[in-house]
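The values are calculated or read from the model by the stated rules, or taken from the named source; none is laboratory data. Predicted, not measured: the structure shown is a model, and the values here were computed from it. Here the Cβ positions follow ideal geometry from the backbone for every residue, glycine too, while neighbour counts run over all protein chains shown. All accessible areas refer to the heavy atoms of the entire protein, side chains included, with ligands and DNA or RNA removed. Shrake-Rupley method; radii C 1.70, N 1.55, O 1.52, S 1.80 Å.
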Amino acid sequence: MDEQFQKLQAFTVSQLTQLITDILEQAFPVVCIEGEISNWRPYSSGHNYFTLKDDKAQIKAVMFKYDSYNLNFKPKDGDKVRVTGKISVYGPQGNYQIIVKTMENIGSGNILLMLEQRKQKLSQEGLFDDAKKKKLPFFPKKIGVVTSPSGAAIRDIINVAVRRNPGINIILFPSLVQGDGAAQSIVKMIELANFYKMCDVLIVGRGGGSLEDLLAFSEEEVVRAVAASEIPVISAVGHEIDWALIDFASDVRAPTPSAAAEIAVPELSAINSQINEYKKTLLNQTKQKVANARLLIKSFNPENLEIRFRRIQQPILNRFSSAKEALVNNLNEKVKDLKNRINSCRIVLEQANPQVILDRGYSMVTDENGTVIRNSSQLKKEQNIIIKPAKGKIFAAVKDIQSDGGTNG
């Protein structure tokens, strides 16, 4: 056996890779594949790198700039597509891939459909309502970060946050961010931060990845934990083109973990610079006001001051005199009117006084009980009566009674 192995031709890695490339390219000069796009990454060069997958396997793919011009839609993660191209091998990494020449959209993939259905359900429950979103504190003292302790996200957040404010405190809540148990781990850390009120702002996220890699941040329990957090939450999942359902439930969505740190942590030097500008402006305005006051005071002397005082005082005195005169006149008119009314009332009362009537020669007749006699029918013959002239009383007896119709016998 050893002799057989010794007789085998030894290939370099490059030679073997080239042989595999030749075999694959000859065997699959043109191939048509249907699959779901994952980890779609357009580059500034115009080339597009992505993965095609189904529920059992995946293959790397690239569509170069000159072929991308023929696309009639904008591909994204989750799209189900049909592509044609050729199989090749990328030597530096030893990966086989498909070089895509054409691509057509044939629907949505299972993951994208599932996420859309979940998004609609949670939205109908009100978890994404803008009215429920909390404002971030202007100057937080402690920033909490729920992410992997070994990932690039925490390093980026620390670098940006410390650069913007060297005195900031960053608390890491270590969590799984991918695979089994990741969702439960993220929820546990969010609830821990809230239970002990350990920070002022909470960044929840991770670095970039495929749609499948980011699924933990779209799990229903994670979305609900973010929405229920009393601490304001910034979602920071993946790169700028990545997304997860916590983006809709969080109070603020950041395109990257670094951007989340910039949003959460105000730049101390900029704040100090602004404070210095305010200080300088306030000092200049105060100096100007003092200078203006000095100029104003300098223009005053005792004579000018008296003249200015008189100018201010005289109109006020004139108004006071006019008001006083008007008030006195008004009161005099009121008193005169009241006197006239009292005199009229006095005359009316005097004329209605029974004594005045009696003084004119009239008398009042009453029976012995004091009842006033107004009609002769009230009396009988021989009945005693009292006659009251203006002065004194006359006691008499009825001898005869005569009504308007004649003598009553």
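Note that the range 51-166, at 37 °C in a medium of 0.692 mPa s, gets a Stokes-Einstein diffusion coefficient of 173 µm²/s from its Kirkwood radius over C-alpha pairs. The fraction of Cα-Cα pairs per 10 angstrom bin, counted from 0 for the range 7-53, comes to 20, 26, 38, 12, 4 percent, rounded to whole percents. Remark: spin-label model distance LEU113-ALA152 equals 3.3 nm, labels positioned 7 Å along the Cα→Cβ axis. Note the angle between two axes, namely the Cα long axis of helix 152-164 and the longest principal axis of the Cα atoms of the chain, as a number of degrees from 0 to 90, rounded to the nearest 10. Once rounded, one gets 50 degrees.
Mean silhouette area of the range 183-303, derived from the convex hull of its C-alpha atoms and averaged over all directions, reads 12.3 nm². Could you state, as a whole-number percent, how many of the C-alpha pairs of the range 150-242 are farther apart than 17 Å? Everything past 17 Å amounts to 49 percent. Listed by chain and number, the aspartates and glutamates whose alpha-carbon sits under 15 Å from that of LYS381, ignoring those within fewer than 8 places in the same chain, are ASP367, GLU368, ASP400.
Considering only ALA249, ALA131, ALA183, the Gaussian network model of the chain with Cα springs below 10 Å gives its largest mean-square fluctuation to ALA131.
Rounded to the nearest 20, the Cβ-based charge dipole of the range 57-112 about its Cα centre (Lys and Arg +1, Asp and Glu -1) stands at 60 debye. With contacts taken as Cα pairs under 8 Å at a separation of at least 6 residues, the range 138-179 carries a relative contact order of 57 percent. Between the alpha-carbon centres of the range 92-115 and the range 10-53 there is a gap of 12 Å.
If the Kirkwood radius is taken over C-alpha pairs of the chain, then at 37 °C and 0.692 mPa s the Stokes-Einstein diffusion coefficient equals 101 µm²/s. The share of alpha-carbon pairs in the range 284-409 lying farther apart than 23 Å comes to 70%.
For the chain, a Gaussian network of Cα nodes joined below 10 Å ranks ASN72, ASN165, ASN304 by mean-square fluctuation, and the top entry is ASN304.
With a 1.4 Å probe and all protein chains left in place, how much of the accessible area of the range 123-218 comes from carbon and sulfur atoms, in whole percent? In the range 123-218, the share of accessible area belonging to carbon and sulfur is 55 percent.
Kindly express, to the nearest 10 degrees and within the range 0 to 90, the angle between helix 182-195's C-alpha long axis and the longest C-alpha principal axis of the chain. Roughly 40 degrees between the two axes.
What is the magnitude of the charge dipole of the chain about its Cα centre, with +1 placed on the Cβ of each Lys and Arg, -1 on the Cβ of each Asp and Glu, and no other charges, expressed in debye to the nearest 20?
Once rounded to the nearest 20, the dipole reads 3560 debye.
The heavy atoms of TRP243 present about 80 square angstrom of accessible area, all protein chains included, probe 1.4 Å.
What range in the chain is the longest one free of trypsin sites (Lys or Arg not before Pro) that are in a loop by DSSP and have at most 12 other Cβ atoms within 10 angstrom?
Working: sites that count: LYS56, LYS135, LYS141, LYS197, ARG360, ARG374, LYS380, LYS381, LYS391, LYS393, LYS399.
Between exposed loop sites, the widest span is 198-359.
In the chain, Cα pairs under 8 Å separated by at least six residues give a relative contact order of 9 percent. Taking one quarter of the surface of the C-alpha convex hull of the range 258-323 gives a mean projected area of 9.3 nm². Extension gain for the segment HIS239 to ASN272, taken as residue separation times 0.36 nm less the Cα-Cα distance, is 8.8 nm to one decimal.
One quarter of the surface of the convex hull around the alpha-carbon atoms of the range 97-143 equals 7.9 nm², the direction-averaged projected area.
Can you work out the FRET efficiency for the pair GLU220 and TYR196, with r the C-beta to C-beta distance and R0 = 30 Å, to the nearest 0.05? The calculated FRET efficiency here is 0.75.
At a probe radius of 1.4 angstrom, the accessible area of the range 241-330 per residue rounds to 75 square angstrom.
Ranking VAL83, VAL290 from most to least accessible surface, computed with a 1.4 Å probe over the protein chains only, gives VAL290, VAL83.
Over the range 112-156, with the other protein chains present, what is the accessible area per residue in square angstrom, probe 1.4 angstrom? Please list the in-between numbers first.
Values: 2840 Å² over 45 residues.
Normalised by residue count, the accessible surface of the range 112-156 is 63 Å².
Value of Rg to Rh for the range 1-92, rounded to two decimals, is 1.13; Kirkwood radius and Rg both from alpha-carbon coordinates. Note on the range 23-141: dipole from Cβ charges, positive end direction compared against PRO75, VAL100, VAL30; the farthest Cα belongs to PRO75. Within straight cross-link reach of LYS287, meaning Cα distance under 16 Å, which aspartates and glutamates are found once same-chain residues fewer than 8 apart are removed? Qualifying aspartates and glutamates at Cα under 16 Å: GLU277. So which of LYS121/LYS197; LYS141/LYS279; LYS74/LYS119; LYS74/LYS101; LYS60/LYS80 end up more than 18 Å apart by C-alpha? Correct reply: LYS121/LYS197; LYS141/LYS279; LYS74/LYS119.
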